[in-house]
1. Under 6 Å by Cβ, and 6 or more places apart or on different chains, what pairs join a residue from region C:107-129 that is of a type in the set (Ser, Thr, Tyr) with one that is in a helix (DSSP H, G or I)?
2. Can you name the residue in region D:88-131 that is more than 14 Å from chain A (Cβ to nearest Cβ) and of a type in the set (Asp, Glu) and is also farthest from residue D:66 (Cα to Cα) among such residues?
3. State yes or no: is residue B:11 more than 14 Å from every other protein chain (Cβ to nearest Cβ), under 21 Å from residue C:55 (Cβ atoms) and either of a type outside the set (A, V, I, L, M, F, W, C) or not in a helix (DSSP H, G or I) (or both)?
4. Among the listed residues C:36, C:20, C:73, C:47, which satisfies the condition of being out of contact with any Pro (no Cβ under 9 Å at 6 or more places or on another chain), within 14 Å of chain D (Cβ to nearest Cβ) and either surrounded by fewer than 17 Cβ atoms within 10 Å (Cβ to Cβ) or in contact (Cβ under 8 Å) with a residue 24 or more places away in the chain (or both)?
5. Considering each of A:18, A:48 in turn, give the residue that is farther than 21 Å from residue D:133 by Cβ, modelled with pLDDT of 95 or more and of a type in the set (Asp, Glu).
6. Tally time: how many residues in region A:14-62 are aliphatic (A, V, I, L, M), closer than 26 Å to residue D:56 by Cβ and more than 13 Å from every other protein chain (Cβ to nearest Cβ)?
7. Would you be able to tell me the number of residues in region B:19-36 that are part of a helix (DSSP H, G or I) and among the aliphatic types (A, V, I, L, M)?
8. Check every one of the strands (runs of 3 or more DSSP E) wholly within region C:33-152 and list those with 2 or more residues that are modelled with pLDDT of 95 or more and under 30 Å from residue D:145 (Cβ atoms).
Amino acid sequence: MKALYFAWVRERIGANEEELAPPAEVATVGDLVAWLATRGENYAHAFEKPQVIRAALDRVHVGREAKIAGAREIALFPPMTGG
Amino acid sequence: MKALYFAWVRERIGANEEELAPPAEVATVGDLVAWLATRGENYAHAFEKPQVIRAALDRVHVGREAKIAGAREIALFPPMTGG
Amino acid sequence: MGAARVQREDFDAAAEGRALTKGRYDIGALASFIGLCRDEGGRLAALEIEHYPGMAEAEIARVIAAAETRWPLLGVTVIHRHGAIKPGEQIVYVGVAAAHRGEAFAAAEMLIDYLKTGAPFWKRARGRDGTVGDWVEAQASDTAQAARWTKP
Amino acid sequence: MGAARVQREDFDAAAEGRALTKGRYDIGALASFIGLCRDEGGRLAALEIEHYPGMAEAEIARVIAAAETRWPLLGVTVIHRHGAIKPGEQIVYVGVAAAHRGEAFAAAEMLIDYLKTGAPFWKRARGRDGTVGDWVEAQASDTAQAARWTKP
């Protein structure tokens, strides 16, 4: 699945996007964030406060309990500040 | 004092404005409306429902208890429908 | 500070909005309202709007001042036309500039609610069939809307 | 029915408003909102606005559809810019046309409240002193405003 990062999540990770192949036990958005946080200092920094991270699956806002199976694109980002 | 009439009050009376010299016992806006209603069929028609008539003294909205003494201009009109 | 205008001619809402914000760097929000003449399903040929010259401007200026006291506004323009207005034409403009959107919207709504019920204007419909209709009656809903702002 | 646009270029709010009402005789109210970039007392050189291409447009279109379900609207246009925006420049436009003012104002406020909290945009300040500031933090007050509309 393709992962997209925005704003300070993107900056801390140091990448706009990447292909992810999480292990089978990573079932939900919350699982994925926890798994990503183990992948290095930059990820640990990006996801040090997982409760503030927002997510979209295939461009639709979802909660941390959402199942990621079947999604082609997941985006992780801070709370939005448009308008 | 100068009286101004607007909208259907103006039409029913058949005049935009006129000079009034009410008797001394006409003290309030309510008194003036009641007095005007006695001045002919056209006035009686204009003021047949005195409770809907709105008034301004010297271009400031007032209630029916307002004293008219000292006012140079009184306007009588239906509820406003601007905007 | 705000501008109150009563006029027969049409107005350029875009130019009014630009005038409120031009050269300013402290304005974060411009809320605008344009009231337009509807044709009432094709029955209406024109609205005729009568006003009380002098008092109309003064009353609008008074309620602008009340809005400026109530909210921290950075610019207000209100324009109300009178005379014959055809369907599709503009009747009224309210523009409010502020640092933040909350006060801009609140003041714009308060101003238009007030124009409906407290400013000395009266509307009458002229029908397409040539008839001069009755004077528009005040709507209880408009009076209730204006009452939200208590005494403006 | 409504139009959702996300673009780097500036927009012409006047032309957008005219496009919403042109040739229509059933519109009685056009409520508009323009969000502008403030200079924060001279400290700000520009806002940098990042967005999620594709999702930003889709989310705005979704909330326009929600507004159209909730109120009887006759036209909606929402434009949100991205990229670098200087003080005094326009960031966002919301225009809502309806028969009556109540629904035009309510929908315009709902749309801008939602853009602040639910559309995938992120702002960062670039200072006049050359520093790149922190990302703007979400305001609890904005989240509370958006919650007024429950799930849009």
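1. C:114/C:63; C:114/C:146; C:117/C:142; C:117/C:143; C:117/C:146
2. Across region D:88-131, the extreme among qualifying residues is D:129.
3. The answer is no for residue B:11.
4. Details: C:36 fails: out of contact with any Pro (no Cβ under 9 Å at 6 or more places or on another chain); C:73 fails: within 14 Å of chain D (Cβ to nearest Cβ); C:47 fails: out of contact with any Pro (no Cβ under 9 Å at 6 or more places or on another chain).
Only one candidate passes the filter, namely C:20.
5. Details: A:48 fails: farther than 21 Å from residue D:133 by Cβ.
None of the other options fit; the residue is A:18.
6. Initial filter on region A:14-62 (aliphatic (A, V, I, L, M)): A:15, A:20-21, A:24, A:26-27, A:29, A:32-34, A:36-37, A:44, A:46, A:52-53, A:55-57, A:60, A:62.
Restricting the remaining residues to those that are closer than 26 Å to residue D:56 by Cβ gives A:15, A:20, A:29, A:32-33, A:36, A:46, A:52-53, A:55-57, A:60, A:62.
So of that shortlist, the ones also more than 13 Å from every other protein chain (Cβ to nearest Cβ) come out as A:15, A:20, A:29, A:32-33, A:36.
Here the count works out to 6.
7. 5
8. Working: elements: C:44-51, C:73-81, C:83-85, C:90-98, C:121-127, C:132-135.
Counting at least 2 such residues, we get C:73-81, C:90-98.
The values are calculated or read from the model by the stated rules, or taken from the named source; none is laboratory data. Keep in mind it's a predicted model, so treat the numbers as computed, not measured. In this analysis, Cβ positions are derived from the backbone assuming ideal geometry, glycine residues included, and neighbour counts consider all displayed protein chains.
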